[in-house]
Amino acid sequence: MAIFEYAPAPETTKAAIREQYGLFIDGKWTAPRTGQYFDTVNPATEEPLARIAYAGEEDVERAVRAARKAYDKYWRKMRPADRAKYIYRIARAITERSRELAVLETMDGGKPIKESRDFDVPLSAAHFFYYAGWADKLEWAMRAGEEPKPIGVAGQIVPWNFPLLMAAWKLAPALACGNTIVLKPAETTPLTALALAQIAAEVDLPPGVLNVVTGDGGTGAALVGHEDVDKIAFTGSTEVGKAIQRSTAGTGKRLTLELGGKAAHIVFADAPMNQAIEGVVNGIYFNQGHVCCAGSRLLVEESAHEEIVVRLTDRIQTLRLGNPLDKNTDVGAINSKMQLDKIKELVGSGVDEGATLVQQSCVLPERGYFFPASFFTNVQQSHRIAREEIFGPVLSILTFRTPEEAVEKANNTPYGLSAGIWTDKGSKNMYIAQYLRAGVVWCNTFNQFDPSSPFGGYRESGFGREGGVHGLREYLAH
Ligand code: NAI
Ligand code: MG
């Protein structure tokens with residue numbers, strides 16, 4: 001097949017990036033007491049974008065104090081309908097600055113601009129719009145007769161795969177319920193969280209209601225360990241989640257954890273195959289596979305295995321890998337050198353253990369961290385690539401013969417965040433879905449998100465829900 005190259009179509013909107021960012025504490029930008037700064041780089045070019053303040057214990061202390069003061073002084077006491085106005089303003093400001101935020105997100109994290117523009121940013125705004133509407137209706141999120149009360153100061157720690165969206169998921173319900181916040185973005189992707197701080201200042205959010213402390217795991221640990229924090233909401237690796245659960249045990253802190261996954265994506269031979277292939281591609285190559293709910297274990301009915309492998313082999317050749325700022329790019333940059341090394345190591349283990357690797361053939365850009373869209377056939381359940389979260393554009397394909405075997409294999413994992421099913425039969429969809437141990441089960445679709453729909457896991461994927469009424473309850477005292 002002749003492949004015609006697309007002309008480059010880079011996004012031309014400019015994002016204002018400062019040379020250096022301080023911490024956002026008590027409504028003001030302030031230098032870190034540590035005196036330390038670190039670079040955030042563009043993973044597609046390896047070039048530094050800005051210098052970011054490193055918050056130490058003393059800085060976290062200042063941020064928590066500001067949040068406590070704002071909680072007691074303004075936020076807890078404010079009429080819920082007034083709180084809603086601030087949240088609406090944040091939503092509108094995100095919408096107004098959507099192009100700029102999309103560019104920032106793509107430059108800082110490496111995801112394709114079409115994803116940050118069409119998914120991350122609009123969905124972030126949608127969460128603020130949705131929860132703004134809840135602020136004065138909280139009694140409807142409670143059991144009859146219970147009065148809705150906020151928890152207090154929430155420490156929120158977010159990862160690098162959906163930096164703005166994960167911040168929005170956590171901030172919007174927390175604010176609607178009357179809590180104040182110290183937000184800790186991931187070290188490789190702080191820029192959109194800092195843009196949110198700018199937005200908070202522009203919409204006159206009372207000082208201290210939202211504080212943003214940048215740094216690494218040490219900063220996060222200081223926030224988790226602070227005795228005046230009432231609730232921790234964490235999204236990230238299972239390993240760090242477990243450490244957080246250990247350190248908060250017995251402290252009375254409320255905790256929600258949204259951790260990793262190794263989702264089963266089940267395709268029956270009777271599935272609408274064109275749609276199923278697109279669903280599989282979206283399930284694993286969206287955001288370079290840096291997705292906790294990625295459909296990374298493809299379980300296909302044996303009789304359809306050959307057809308699916310042939311179709312997938314063709315389909316990945318048509319994915320465009322390259323400059324994330326180009327509007328035609330499907331596969332952007334891997335978020336960091338560290339993550340790229342992890343992906344390479346796990347893919348190496350798959351080859352060593354005897355699985356067959358298929359990759360898109362394309363020239364990788366000379367600079368930046370890139371990995372081609374890939375999948376493995378001849379995968380055994382015991383292979384590392386079938387069990388461990390790769391968090392990259394790498395799919396493992398296994399087969400099954402009966403619906404029961406599909407369910408058994410799907411549930412054979414320590415995780416339980418999401419799953420997908422493709423079949424032409426509605427009854428089979430419903431039947432299988434009820435046996436899958438996963439927080440979200442998508443039927444004949446994948447990666448569908450809506451602010452009104454709860455999201456969260458079982459087992460090593462964590463606990464607690466984000467989104468919907470369920471997400472509100474995690475920020476109300478009970
Ligand atoms: P991580 O769990 O270390 O980082 C997530 C966030 O937690 C970051 O903001 C980080 O600064 C913070 N953090 C790190 N150590 C902490 C501690 N001891 N206390 C409090 N906060 C802490 O994830 P990492 O190392 O960036 O990625 C490793 C693997 O984790 C990935 O390869 C992927 O498999 C998985 N992961 C899963 C995510 C998800 O959405 N479920 C998101 C990010 C990573
Ligand atoms: Mg970066």
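The values are calculated or read from the model by the stated rules, or taken from the named source; none is laboratory data. What you see is a predicted model, and the numbers here were worked out from it, not measured in a lab. Methodologically, a virtual Cβ is constructed for each residue, glycine included, from the backbone with ideal geometry; neighbour enumeration extends over all protein chains shown. Areas reflect the complete protein model, heavy atoms only, side chains present, ligands, DNA and RNA absent. Shrake-Rupley method; radii C 1.70, N 1.55, O 1.52, S 1.80 Å.
Worth pointing out:
- Qualifying positions in segment 427-478 - of a type in the set (Val, Ile, Thr) and in contact with a Gly (Cβ under 9 Å, 6 or more places away or on another chain): Val440, Val441, Thr445
- Test set (1) in contact with a Lys or Arg (Cβ under 8 Å, 6 or more places away or on another chain); (2) not in a helix (DSSP H, G or I) - Glu147 fails condition number: (1)
- Among the conditions (1) of a type in the set (Ser, Thr, Tyr); (2) open to solvent by 50 Å² or more (accessible area, probe 1.4 Å); (3) touching a Ser or Thr at 6+ places or on another chain (Cβ under 6 Å), Ser453 misses just one, which is (3).
- So Ala50, is it within 24 Å of the chain's Cα centre (by Cα) and within 30 Å of Ala176 (Cβ to Cβ): no
- Residue that is farthest from His226 (Cα to Cα) [pool: residues in segment 34-69 that are open to solvent by 70 Å² or more (accessible area, probe 1.4 Å) and away from ligand 1 (no atom under 16 Å from the Cβ)]: Glu47
- No other residue among Ala132, Ala141 is at pLDDT below 95, buried (at least 20 other Cβ atoms within 10 Å of the Cβ) and not assigned by TED's automatic domain parsing to the domain that holds Leu340 apart from Ala141.
- Selection count, segment 331-347, where residues are away from ligand 2 (no atom under 16 Å from the Cβ) and either in contact with a strand residue (DSSP E or B) (Cβ under 7 Å, 6 or more places away or on another chain) or open to solvent by less than 30 Å² (accessible area, probe 1.4 Å) (or both): 4
- Criterion applied to Thr192, Thr238, Thr214, Thr180 was being within 16 Å of ligand 2 (Cβ to nearest atom), touching a strand residue (DSSP E or B) at 6+ places or on another chain (Cβ under 9 Å) and not charged (D, E, K, R), and the one residue passing it is Thr214.
- Residues (closer than 27 Å to Lys149 by Cβ and surrounded by fewer than 24 Cβ atoms within 10 Å (Cβ to Cβ)) located in segment 200-221: Val203, Asp204, Leu205, Pro206, Pro207
- Candidate set from segment 320-341 (those that are over 14 Å from Trp160 (Cα atoms) and not in a loop (DSSP other than H, G, I, E, B)); member that is nearest to ligand 1 (Cβ to nearest atom): Asp341
- In segment 246-278, of all residues being among the basic types (Lys, Arg) and assigned to a loop (DSSP other than H, G, I, E, B), the one that is farthest from ligand 1 (Cβ to nearest atom) corresponds to Lys253.
- So Phe268, is it within 28 Å of Phe375 (Cα to Cα) and more than 16 Å from ligand 2 (Cβ to nearest atom): yes
Rundown of residues vs (1) within 16 Å of ligand 1 (Cβ to nearest atom); (2) closer than 26 Å to Ser237 by Cα, yes/no style:
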site	(1), (2)
Ile113	no, yes
Pro148	no, no
Ile151	no, yes
Leu171	yes, yes
Ala174	no, yes
Ala195	no, yes
